[in-house]
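One structure below.
Each reported figure results from applying straightforward, stated rules to the coordinates on display, with no laboratory input. As the structure is a prediction and not an experimental result, all values here were calculated from the model. Neighbour counts are summed over all protein chains in view; Cβ atoms, including those assigned to glycine, are modelled from backbone coordinates with ideal geometry.
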Amino acid sequence: MTTLNVNGSMREFEAESDTPLLWVLREQLGLTGTKYGCGLAQCGACTVHIDGVPVRTCVRPVSSVKSTEKIVTIEGLSPDGSHPVQKAWAKLDVPQCGYCQSGMIMAAVALLKVKPNPTDTDINNAMTNICRCGTYNRIRAAIKAVAKGGDLHSAGLAIAHTDGSTT
């Protein structure tokens, strides 16, 4: 048995040493919020944090992660969706299909941790994940809204919701 520190708990699993971390998280530990997208570390759907750093898990062998390193998946970020980035994502209707969004959120959280008030260039450099639905303007707006303390009107989007409210 091998042990990893995932979302604040020590978790045991059995897998070959070259098994990508993504498959251990999804198949062995049942944490399916982290998605498989490309298998080449290009799209970012598989992004989690290891010791606070965004990492693409589809190409990271599980044997390269020490049991002392802290892995945080989308499930561990906020089990009830109350993280400010998750709240901004929902309020600004960022996801369309939603497939890439857990990786996007994890990348955005990491960016805001190191750059609490990111510029457009900072966002461009950090947010290299691919969204096939093309919600990049909303992603940028959500990041900026969180940087402004959750002020969704500062995001620069005029979204009319079905309940008649606007953001």
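Given (1) in contact with a Leu (Cβ under 9 Å, 6 or more places away or on another chain); (2) in a loop (DSSP other than H, G, I, E, B); (3) of a type outside the set (Ser, Thr, Tyr), identify the lone condition not met by Gly150. Condition (1) is where Gly150 drops out. Please enumerate the residues belonging to the stretch 106-119 that are assigned to a helix (DSSP H, G or I) and not hydrophobic (A, V, I, L, M, F, W, C). The one that is assigned to a helix (DSSP H, G or I) and not hydrophobic (A, V, I, L, M, F, W, C): Lys113.
Picking from residues in the stretch 50-80 that are in a strand (DSSP E or B) and touching an Asp or Glu at 6+ places or on another chain (Cβ under 8 Å), the one that is surrounded by the most Cβ atoms within 10 Å (Cβ to Cβ) is Ile50.
Could you list all residues from the stretch 81-105 that are part of a helix (DSSP H, G or I) and not aromatic (Phe, Trp, Tyr)? Once the filter is applied, which keeps residues that are part of a helix (DSSP H, G or I) and not aromatic (Phe, Trp, Tyr), the stretch 81-105 yields Pro84, Val85, Gln86, Lys87, Ala88, Ala90, Lys91, Gln101, Ser102, Gly103, Met104, Ile105.
Answer yes or no: is there a residue in the stretch 26-48 that is crowded, with 20+ Cβ neighbours inside 10 Å, out of contact with any strand residue (DSSP E or B) (no Cβ under 6 Å at 6 or more places or on another chain) and either assigned to a helix (DSSP H, G or I) or of a type in the set (S, T, N, Q) (or both). No, the conditions are met nowhere in the stretch 26-48. Taking residues in the stretch 45-58 that are under 16 Å from Cys100 (Cβ atoms), and partners anywhere that are aromatic (Phe, Trp, Tyr), the pairs with Cβ atoms closer than 8 Å and at least 6 places apart or on different chains are Ala45/Tyr36; Ala45/Tyr99; Cys46/Tyr36; Cys58/Tyr36.
Name the single residue, out of those in the stretch 124-152 being of a type in the set (Val, Ile, Thr) and either farther than 24 Å from Ile50 by Cα or within 14 Å of the chain's Cα centre (by Cα) (or both), that is surrounded by the fewest Cβ atoms within 10 Å (Cβ to Cβ). Per the criteria, the residue is Thr128.
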